[in-house]
Number of protein chains: 2
Amino acid sequence: MSDDTVKPKLEQQLCFAIYSAMHAITKAYLPLLENLGLTYPQYLVMLVLWEGGDVTVKQLGERLYLDSGTLTPLLKRLESMDLVHRARDPKDERRVRVTLTAKGQLKHKEAQMVPAQILTAMGRPADDLKAVRKELRKIRNALLETRTVKAPSKEA
Amino acid sequence: MSDDTVKPKLEQQLCFAIYSAMHAITKAYLPLLENLGLTYPQYLVMLVLWEGGDVTVKQLGERLYLDSGTLTPLLKRLESMDLVHRARDPKDERRVRVTLTAKGQLKHKEAQMVPAQILTAMGRPADDLKAVRKELRKIRNALLETRTVKAPSKEA
DNA sequence: CCAATTTATATTGTGTACGATTTAATATGC
DNA sequence: GCATATTAAATCGTACACAATATAAATTGG
């Protein structure tokens with residue numbers, strides 16, 4: 001049989017399924033978030049800030065799996081939109097504390113209906129979506145743990 | 001009850017699970033792909049080329065859900081690495097056909113073990129991974145179809 | 001108490017992503 | 001048959017994303 005070379009390998013790959021699903025999600029969020037004037041990563045940062053009090057850049061990075069190279073310019077953009085405030089922590093000048101401005105607080109209400117709209121657009125039973133979410137979290141954690149082991153492996 | 005505001009909303013969101021899983025996957029691929037000298041998106045393009053004959057930029061975009069703004073510079077980088085060749089189609093000068101070079105063909109062998117290594121690193125039963133893949137594909141297609149409908153909705 | 005280390009953030013360079021626009025080539029309508 | 005529309009790539013501008021490096025503040029060890 002020579003027809004197994006014709007099989008679409010790409011669609012058989014879980015990683016590509018995640019990759020392309022993420023692109024579709026970004027596109028789906030676009031019309032919802034442009035009313036808010038936010039990109040999807042900016043929306044994620046706002047979600048963290050809406051959850052609790054103030055956080056440091058490092059804490060944001062731990063929650064979102066992003067580093068300062070990504071967060072610093074993103075937070076500066078949010079600051080220029082007057083949604084957040086950034087200030088060095090007087091207790092430890094290395095840290096930068098990020099807090100919501102009044103305008104940032106207000107956006108919380110405008111954003112309330114976003115998650116439900118996305119879930120509806122996915123058109124899948126809630127139980128299925130929950131199962132996928134749990135499995136993806138396990139996959140993510142397994143991949144990240146594998147890397148933390150990371151033997152130096154100085155080969156000859 | 002006031003304690004539901006404390007719940008980590010971020011981790012409850014499927015979209016964030018996909019977003020962060022994708023980041024973890026990119027990181028997991030990094031040591032495997034740097035031997036090949038490829039990034040993950042470049043690897044995806046090579047996967048398509050390894051599957052079949054030559055393709056146009058448009059066909060690549062349809063398979064990978066990317067547009068020419070992303071693909072053109074990416075393909076130029078692959079061309080500068082002498083992995084692919086780009087040439088206008090004589091039958092239709094608008095099209096650019098992308099083909100593997102001899103060096104690009106050879107890389108196929110080096111890349112053979114990459115998918116299995118990633119799946120192993122995920123540390124999950126194959127059946128679970130397959131179920132996630134299928135569900136994600138449904139989600140992706142549902143999201144993309146919703147957008148193609150896109151009623152103009154000229155609101156008052 | 002001060003040198004060496006560690007930690008937190010910022011900066012730089014490269015590589016995606018994508019909307020919007022541009023350019024060139026093909027297809028179409030009258 | 002030629003103006004108009006459509007199509008395929010390329011280009012431009014903005015925004016992630018991250019490795020590597022730089023900088024400055026805090027911690028630690030002697």
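Can you confirm whether B:LEU64 is within 16 Å of DNA strand D (Cβ to nearest atom), touching a helix residue (DSSP H, G or I) at 6+ places or on another chain (Cβ under 8 Å), more than 12 Å from every other protein chain (Cβ to nearest Cβ) and in contact (Cβ under 8 Å) with a residue 12 or more places away in the chain?
Spelling it out, it is not the case that B:LEU64 is within 16 Å of DNA strand D (Cβ to nearest atom), touching a helix residue (DSSP H, G or I) at 6+ places or on another chain (Cβ under 8 Å), more than 12 Å from every other protein chain (Cβ to nearest Cβ) and in contact (Cβ under 8 Å) with a residue 12 or more places away in the chain.
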*asked:* Checking A:GLN12 against (1) more than 11 Å from chain B (Cβ to nearest Cβ); (2) surrounded by fewer than 14 Cβ atoms within 10 Å (Cβ to Cβ), only one condition comes out false. Which one?
replied: (1)
*Kindly indicate the residue of region B:41-61 that is of a type outside the set (A, V, I, L, M, F, W, C) and within 8 Å of chain A (Cβ to nearest Cβ) and also farthest from the chain's Cα centre (by Cα) among those meeting that condition.*
B:GLY52
*Report the residue count in region A:120-148 for those that are part of a helix (DSSP H, G or I) and facing another protein chain (nearest Cβ under 7 Å).*
17
*Look at region A:49-90 and say how many of its residues are hydrophobic (A, V, I, L, M, F, W, C), surrounded by 14 or more Cβ atoms within 10 Å (Cβ to Cβ), within 14 Å of DNA strand C (Cβ to nearest atom) and more than 23 Å from B:ILE18 (Cα to Cα).*
3
_Residue check, A:MET46 touching a residue at least 40 places away in the same chain (Cβ under 8 Å), farther than 29 Å from A:ARG137 by Cβ and surrounded by 14 or more Cβ atoms within 10 Å (Cβ to Cβ)_ = no
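FYI, it's all coordinate maths here, none of it is from the lab. Keep in mind it's a predicted model, so treat the numbers as computed, not measured. Using ideal geometry, Cβ is built from the backbone for each residue, glycine included, and neighbour counts are taken over all protein chains shown.
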